[in-house]
Amino acid sequence: MALFRPASSAPLLLTPASRRAFLRSSLAVGAAGMLSGCGGATAAARSPTTAGGATVVRYQGWPNTVLNVELAENLGYLDGVDLQWVGSTSSGPQDIQSVATGAADIGYAFTGAVIKLVEAGAAVTAVSNYYGSDTQTFHGLYVGEASDIRDPRDLIGRSVAMNTLGAHAEAFVSTWLRQAGLSEEEIAEVTYVALPPNDIGQAIGRGFVDAGDLSGIAQDVA
């Protein structure tokens, strides 16, 4: 597959000691109700404690992804926290909606998706950034080896697959097209298609879509 990717940005670097403090404080804020749900649910009701006194923090996992809180738990950094998996999601907006409805205590989403939910009245609060990009970690726009797509204008009239609409991947592609000088009318001719991340590489290879946004392990496999 051929790859187009954004310019890299400096990643957030944490020492082991600062990482422990960062993860503990982030979960403590979430458990205290900073990521509160709708309907007047209280922090105590939404974040119970176990018999041993640990605070229960419910979260959704992501397919093919190890979240920072999962790594922190595995490394023994989360003293006093009982991390409970309640299912998986492949969409940041859905993950945060689960927080807003009280189905989870913390969630992960692209900053733009969080802003949209807050503007819509969802009772959520951003605690910390959790990902960025560097030379090894990034969202990339991929096409088949035989594709004639080689620059932004080639996407006009084509289809682009991504994990969900209205979130990071769509913003990444749309921003790239605008930076290349495409008009809003031309960008509107690009069709965005929502597909599970695990299926995007296969959909590109089989010609079901013209291009696709990939990151993480799905990117490595493709």
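Under the rule a/c < 1.5 gives rounded, and otherwise a/b versus b/c splits prolate from oblate, where does the stretch 60-163 land using the Cα gyration tensor? It comes out prolate by the Cα gyration axes. Between beta-carbons, use under 14 Å as the cut-off and find the net charge around Ala171, counting Lys and Arg +1, Asp and Glu -1. Neighbour charge sum, excluding Ala171 itself: 0. The order of the peptides 209-215, 73-79, 160-166 by mean Cβ neighbours within 10 Å, most packed first, is 209-215, 160-166, 73-79. Per-residue Karplus couplings for the stretch 206-214, computed as 6.51 cos²θ - 1.76 cosθ + 1.60 with θ equal to phi - 60°, are listed in order as 8, x, 5, 10, 7, 7, x, 8, 10 Hz, Gly and Pro entered as x. Summing Lys, Arg as +1 and Asp, Glu as -1, what charge do residues with Cβ under 14 Å from the Cβ of Gly205 carry, Gly205 excluded? With Lys, Arg at +1 and Asp, Glu at -1, the neighbours total -2. Of the trypsin sites (Lys or Arg not before Pro) found in the stretch 116-222, those in coil by DSSP whose Cβ has at most 11 other Cβ atoms within 10 Å are Arg150, Arg206.
So for the stretch 139-221, Kirkwood radius off the Cα pairs, Stokes-Einstein at 4 °C and 1.567 mPa s: how many µm² s⁻¹?
103
Each part gets one Cα centre, and for the stretch 123-154 versus the stretch 165-222 those centres are 8 Å apart.
Every read-out reported here was derived from the displayed coordinates using simple, explicitly stated rules and does not represent laboratory data. Since we're looking at a predicted model, the values are computed, not measured. All Cβ positions, even for glycine, are placed from backbone atoms using ideal geometry, and neighbour counts span all protein chains on display.
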